[in-house]
1. State which residue pairs qualify: first residue within 15 Å of A237 (Cβ to Cβ) and inside the range 319-347, second residue hydroxyl-bearing (S, T, Y) and part of a helix (DSSP H, G or I) in any location, beta carbons under 6 Å apart, and separation of 6 or more residues or different chains.
2. Output the number of the condition that G316 fails; it satisfies all remaining conditions of (1) more than 14 Å from V286 (Cα to Cα); (2) assigned to a helix (DSSP H, G or I).
3. Taking into account only those residues within the range 283-322 that are touching a Pro at 6+ places or on another chain (Cβ under 7 Å) and of a type in the set (S, T, Y), which is nearest to the ligand (Cβ to nearest atom)?
4. Could you run through the range 56-84 and say how many residues are in contact (Cβ under 8 Å) with a residue 24 or more places away in the chain and not polar (S, T, N, Q)?
5. Can you tell me which residues in the range 158-175 are outside any loop (DSSP other than H, G, I, E, B), more than 13 Å from T131 (Cα to Cα) and open to solvent by 70 Å² or more (accessible area, probe 1.4 Å)?
6. Just one of the numbered conditions (1) within 16 Å of the ligand (Cβ to nearest atom); (2) open to solvent by 10 Å² or more (accessible area, probe 1.4 Å) is not true of A100; which one?
7. Are any of the residues in the range 6-13 open to solvent by less than 70 Å² (accessible area, probe 1.4 Å), modelled with pLDDT under 95 and within 12 Å of the ligand (Cβ to nearest atom)?
8. Step by step: first the residues of the range 116-133, then only those that are open to solvent by 30 Å² or more (accessible area, probe 1.4 Å) and within 15 Å of the ligand (Cβ to nearest atom), then the one that is modelled with the highest pLDDT. Which residue is that?
Amino acid sequence: MTTAAPLRIGITCFATFGGSGIVATEVGLAMAKRGHEVHFIARALPIRLNPATPGVTFHEVVEPDHDVLQPDGAYPIALASKIIEVTRQFHLDVLHVHYAVPHATAAWLARAVLGGEAPRLVTTLHGTDITLVGTDATYLPITRFSVLQSDAVTAPSAFLREATWTRLDLPRTLPIAVVPNFVDTAHWHPPATRDRRVLLELFAGLNDSEAVLVHVSNFRPVKRIADVIATFQEVHAQRPARLLLIGDGPDCPLAEELLEAAGLQDRVAFLGRQEHFGQWLGAADVFLLPSETESFGLAALEAMACGVPVVASDVGGLPEVVAHGETGFLAPVGDVAAMAAHVVWILADYARWQRMSDAALVRVQRLFQADAAVDAYEAVYRAVLAADATGS
Ligand code: GMT
C-alpha cells in the first residue's frame, strides 16, 4: 500500500499484443496493488489484464455505428469522449497514456473539453510512435503538439529520449524521464530446474545435442523476420538446432515461406499468439531479436529474466538492455553471419552459456525491477500534481 494519498489514475493503451500495452497493463496493475484506483480506458480489454483485479476498472471505448463515419471511423474522438466520461464520473487525478498517437492527442482533446476538471496528462512514448509513425509527415505536427501538451513525458530508453528530441525537433530542455521497461520477476524467471522436457511437447524427438533458438514478436516488418530465419539457417548448418516462433503478425506468411524454401519447416514450432509462454522461453537456449529498430526490446528483457542469453541488433535501445559479451551479443542490423556466429559461440560451451544466463539474471535484478519503475512512474504522477497545485 502507498503511504501518500491514493490517486485516481486513468490508463490508456493499445489492447493488442505488443510491448506498449503490456507495459501499460503492468504499470496499472502495480498501481492498483499499491492502493491506487486504476481505470483502464481502451478499445478492448488489454492483453494480460484481469478485469476482476481489485482496484481496477476497465472502460471499453466503443465507436457508435454511424454510417457516415464508416469506413473511416473516429476512434480518437470516441476515446476522447470516454476519457471525458470516466474523468467526470471518477474524478481522475492523472491520465497516463501509452503511445503518443492517437492516445496523447485524444487526451489533449478530452482535456480541452474538461477544462478545470481535466486530469494531469503523462505520456509514455514507446518507440514507433516516434521513430516511425510520429515522423511520418502526415502525423508529425500532431505528434509533436501532443507531446508538448503533456504535463510529463517518459520514454523507456535514453535512445528514445534522444530520438524524440531530435526527430520531433524539440528542445533538450523539454524534460523526458527515462523509465526503463521492467519485468515482474515473480512471473518471468528461470525454471527451478532446466528441464527441456517441456520442449518435447513442441519438438518431437528433441534430443540434448540440439539447441533451441526462440523469437517472440508481433511479426511486423520492423522485426526482420527474414533475419530470424536466416540466422537460424546458418546456425543449423553448423550444429543441430530447432527454432521456436511465438507471436502473430503480417510477416508470419513470410516466415513460413522462407522456412519452406529452406526445407526447415520440420525443425520449427510456430505457436502463434500465446499469453503464457514463460515455460517454453525458460527452457530455450538463445533468444533472437534482429530488429531494424527497437526503442527497448521488452521481449529480450523477458528472455533475460528467464535466464536466456539474447542475440540482437546493435540498434536503438537494445544496447541499454543487452550487455554485449555479458548477457548476449549485439551485431549490426542485417548481419546474419555475425548473429549466427554469436549464437554458435554461446552454445559451444555450457559453462559459457551458464555465465551469460547468470549475468542476464543479475542485470535484470539490478536494472529492470518492477518496483523501481513503478516508483518512478508514481513519482512522475505526484510531481505533475504538485506542479499543478503550485500553478507551475
Ligand atoms: O515491438 C513492437 O513493434 C510493438 C511496440 C508497441 O508499441 O507495443 O513496441 C515498442 O514498445 C515496447 C514497449 O516499450 C518496446 O519494448 C519496443 O522496443 C517498441 N518497439 C519498437 O521500438 C519497434
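1. The qualifying pairs are V336/T231; M339/T231; A340/T231.
2. Tallying (1) more than 14 Å from V286 (Cα to Cα); (2) assigned to a helix (DSSP H, G or I), G316 fails exactly one: (2).
3. For the range 283-322, the residue satisfying everything is S295.
4. Of the residues in that region, 10 qualify.
5. Filtering the range 158-175 for residues outside any loop (DSSP other than H, G, I, E, B) gives 158-167.
Now drop any that are not more than 13 Å from T131 (Cα to Cα), which leaves 158.
None - no residue of the range 158-175 is outside any loop (DSSP other than H, G, I, E, B), more than 13 Å from T131 (Cα to Cα) and open to solvent by 70 Å² or more (accessible area, probe 1.4 Å), so the list stays empty.
6. Status for A100: all satisfied but (2).
7. Going residue by residue through the range 6-13, those that are open to solvent by less than 70 Å² (accessible area, probe 1.4 Å) are 7, 9-13.
Okay, now just the ones that are also modelled with pLDDT under 95, so none.
For the range 6-13, residues open to solvent by less than 70 Å² (accessible area, probe 1.4 Å), modelled with pLDDT under 95 and within 12 Å of the ligand (Cβ to nearest atom): absent.
8. Of the residues in the range 116-133, the ones open to solvent by 30 Å² or more (accessible area, probe 1.4 Å) are 116-117, 120, 128, 132-133.
Still in the list and also within 15 Å of the ligand (Cβ to nearest atom): 128, 132-133.
On the way: T128: 92, L132: 89, V133: 87.
Restricting to residues being open to solvent by 30 Å² or more (accessible area, probe 1.4 Å) and within 15 Å of the ligand (Cβ to nearest atom), the top hit is T128.
The values are calculated or read from the model by the stated rules, or taken from the named source; none is laboratory data. These numbers come from a predicted model, not from an experiment. FYI the Cβ positions are ideal-geometry reconstructions off the backbone, even for glycines, and counts take in every protein chain you see. Each accessible area value is taken on the protein alone, full model and side chains, heavy atoms only, with ligands, DNA and RNA left out. Shrake-Rupley method; radii C 1.70, N 1.55, O 1.52, S 1.80 Å.
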